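Worksheet: the structure to be examined is printed underneath.
We did not get these values from a lab; they are worked out from the coordinates using the rules stated. Because the structure is predicted, anything quoted here is derived from the model rather than measured. All Cβ positions, even for glycine, are placed from backbone atoms using ideal geometry, and neighbour counts span all protein chains on display.
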Amino acid sequence: MWFRRDLRLADNAALHHALQQAQRVTCVFVFDRVILDPLLAAGRTQDRRVEFIHAALTELDQALRAHGSALIVRHGVAVELIPALAQEFGAEAVFANHDYEPYARERDAQVAERLRRAGRALHTFKDQVIFERDEVLTGAGRPFTVFTPYKNAWLKKLDAFYLSAYPVERAAGHLAPLVPQPIPPLEAMGFARTNLADLRLPLGASGGAQLFEDFKARIDEYDRARNFPAVRGPSYLSVHLRFGTVSVRALARQAWQLSQQGSSGAATWLSELIWRDFYHQVLWHRPDVVSNAFRPEYDRIRWDEDEALLAAWCEGHTGYPLVDAAMLQLNQTGYMHNRLRMVVASFLTKDLGIDYRRGEAYFALHLNDYDLAANNGGWQWAASSGCDAQPYFRIFNPVTQSEKFDPEGRFIKRYLPQLEHFGPREIHAPWLVPPLRQKSAGCVVGTDYPGPIVDHAQARAKTLARYAVVKGGA
């Protein structure tokens, strides 16, 4: 059993099938240098995701030890190590769960070929989504490009079968008896500890279960609370979904059942899970979206290449408090509230005129829950170049977004304490506050906090002109 982004024993599709079909199952994980080496090359010796995975593997190993087995963890190139491990343990086949990203598809094809040449097989299964690939298509048999009809078809197809858990525990006796081996420490792979422990993010499968239980008590309020970053509204399960320390079937089952009972919060959260499936099927059918716009006419847009503006956005120095607080949240914790992801993406593309791919790459480097399909889909939605994206003339106003979703400035003050003494009518646009009042509040704009790097009204007019090249091309 080759674990990848499914770091749990319970309700694991590939593990279930391996235990059902084999007399002895050895569990392995590879810290793939093809993925990790570019992080080190970019100076990311401290990466919360690597530490999150390491903690999840430690817990997974303990769970396997409770069954008299253990987890074999290696650091190297997966394409080479998986066939070698199969030979080392005398495995007739390798079982794994589907991964839909372009690199993963190429990697799995190479592994399958190497195994085939050695007389072995690679068997893969659906685990990280409810519906994949061609399971939800239009009446004409084509992939959906608009979310609402996809959602309707998704819900029509859904039944208890697709949400059923895989009973892994029933066949746990087929796990290979192994002498436990130490998991390679982070330092041996070139990584150092981060501030992950200080963030109080529950780790491993037990952490995912803990967060899920917490969210169940709040799910009815999700549709009302999810847009306010100062409120405990989201599930905070995104990183656990990303690395499979929770089962998407368990989450969707809970949301579906509660929505059937009339919970609008659960229905809204289920829609978010459907969006996740939607973006994965887009990536599967259109892998070109990784480097190109989903709607080709949007590749005609000429973006500005202003490195100073990009740096100000990355560092949270734009002069727009909600944008800056959101970027500081990302930089300090690896997390960003979903509403704020839309706000900062709109600001980068439509206020600063910078290519969405620059922002997408920054998120890819810093988000704990980075997922290629969702990240690309979200950025192309914000830039209006994606499937079912917001119209290009819809441009978020960073001040009115701030006034609406952080009305008292509670979230802003958490990350911008220099604005602590500004009132609710002042904090969203501090450059408009009279100079004497700025001084009495202990924060002079231009000295203690930057002034706005662009004028939103002027930037909006410039963006409408920039996007004129796509008119009539849809």
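Give me the distance in nm between label points sitting 7 Å out from Cα along the Cα-to-Cβ direction at residue 192 and residue 123, one decimal.
Result: 4.5 nm between the two label points.
Label the stretch 1-127 by shape, choosing from rounded, prolate and oblate, from the square roots a ≥ b ≥ c of the eigenvalues of the Cα gyration tensor; if a/c is under 1.5 it is rounded, and otherwise prolate applies when a/b is larger than b/c, oblate when it is not.
It is oblate, given that a/c is not under 1.5 and a/b is not larger than b/c.
Round to the nearest 10 and give me the degree value, 0 to 90, for the angle of helix 356-366's Cα axis relative to the longest principal axis of the chain.
60 degrees
Tilt of helix 248-260 relative to the longest C-alpha principal axis of the chain, in degrees (0 to 90, nearest 10)?
60 degrees
Once you order the gyration tensor axes a ≥ b ≥ c over the Cα atoms, which shape class does the stretch 143-295 get: rounded for a/c under 1.5, otherwise prolate or oblate by comparing a/b with b/c?
Here the stretch 143-295 falls in the rounded category.
Whole-Hz Karplus ³J(HN,Hα) for the stretch 235-240, in order, using 6.51 cos²θ - 1.76 cosθ + 1.60 and θ = phi - 60°, x for Gly and Pro?
My calculation for the stretch 235-240 gives 7, 6, 9, 4, 5, 6 Hz in order.
Mind giving me the nanometre distance, one decimal, between the label points for residue 162 and residue 461, set 7 Å out from Cα along Cα→Cβ?
That separation, rounded to one decimal, is 4.9 nm.
Determine the gain in length on full extension of the stretch residue 224-residue 437; use 0.36 nm per residue of separation and subtract their C-alpha separation, reporting nm with one decimal.
73.2 nm is the gain from fully extending residue 224 to residue 437.
What is the ratio of the Cα radius of gyration of the chain to 2.2 N^0.38 Å, with N the residue count, to two decimals?
Normalised by 2.2 N^0.38 Å, the Cα Rg of the chain equals 1.03.
Hey, if you drop one equal point scatterer on each alpha-carbon of the stretch 63-211 and run the Debye formula without solvent, what base-10 log of I(q)/I(0) do you get at q = 0.08, 0.13, 0.14, 0.16 Å⁻¹?
Rounded to two decimals, the profile gives -0.37, -0.96, -1.08, -1.27.
Go through 413/439; 151/404; 413/462; 350/471; 126/157 and tell me which ones have a Cα-Cα distance over 24 Å in this structure.
151/404; 413/462
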